[in-house]
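Below is one structure, written out as structure tokens, with a few remarks after it.
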Amino acid sequence: MKNNSNLFFVCSLIEYIARGTKNRRLDVVRQLGDDLSRIYKYADVFHCEPIEKVADDFIQKDNISDGNYDNLSKYKYTIPDYWDIGEVFARLIEDCYEEENVIKGIKEVYASWMAEKILNFNSDLYYQSREYLAVCYREGEILLA
């Protein structure tokens, strides 16, 4: 399942919606609900539209209201964009779940302890190798090099 472009789009869309609505990523995943499967299945179609429009359509459809979670303004360094973080999450899911369990993987990874660690942009975890992130996720802790 390496380089699953549909999964990459879903994870990037989750990040985009979360940033725009100031919600936790897990809350966005939960609010998208069954639409996660639809977005994943038709990502190649949705990807033809600007991500802003796709995000707005699902924000409206799933009644995703603005929250008060802002994990971006507190960082002192350059923040990776939603495509970069979408890629980190997509790779982690690819490396830890079989293709037939990708939706389960999305839900579990975003609900895991690791999601908040990756989203701490004052650390260097989000740009570590995909292999290292997968091992840490499976082991349930950040491993020392």
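Read the figures in this text as sums done on the coordinates, not as results from a lab. Note that the structure is predicted; figures quoted are calculated from it, not measured. Methodologically, a virtual Cβ is constructed for each residue, glycine included, from the backbone with ideal geometry; neighbour enumeration extends over all protein chains shown.
Label-to-label distance, Asn68 versus Asp56, with points set 7 angstrom from Cα along the beta-carbon direction: 2.7 nm. For the chain, the mean residue ellipticity at 222 nm estimated from helices alone is -17500 deg cm²/dmol, where every DSSP H run of n ≥ 4 contributes -39500 (n - 2.57) and the total is divided by all residues, rounded to the nearest 500. Taking label points 7 Å from Cα along the Cα-to-Cβ direction, Ile79 and Arg24 give a separation of 1.8 nm. Ranked by the mean number of other Cβ atoms within 10 Å of their residues, highest first, the peptides 28-34, 136-142 fall in the order 28-34, 136-142. If you find the alpha carbon centre of the range 88-143 and of the range 1-37, how far apart are they in angstrom? Their Cα centres are 14 Å away from one another.
For the cross-link pairs Lys53/Lys76; Lys76/Lys107; Lys53/Lys104; Lys41/Lys107, the ones whose C-alpha atoms lie over 20 Å apart are Lys53/Lys76; Lys76/Lys107; Lys53/Lys104. Given in Å, the Rg to one decimal and the Dmax to the nearest whole number for the Cα atoms of the range 1-73 are 11.8, 35.
Across the chain, the volume of the C-alpha convex hull divided among the residues equals 103 Å³ per residue.
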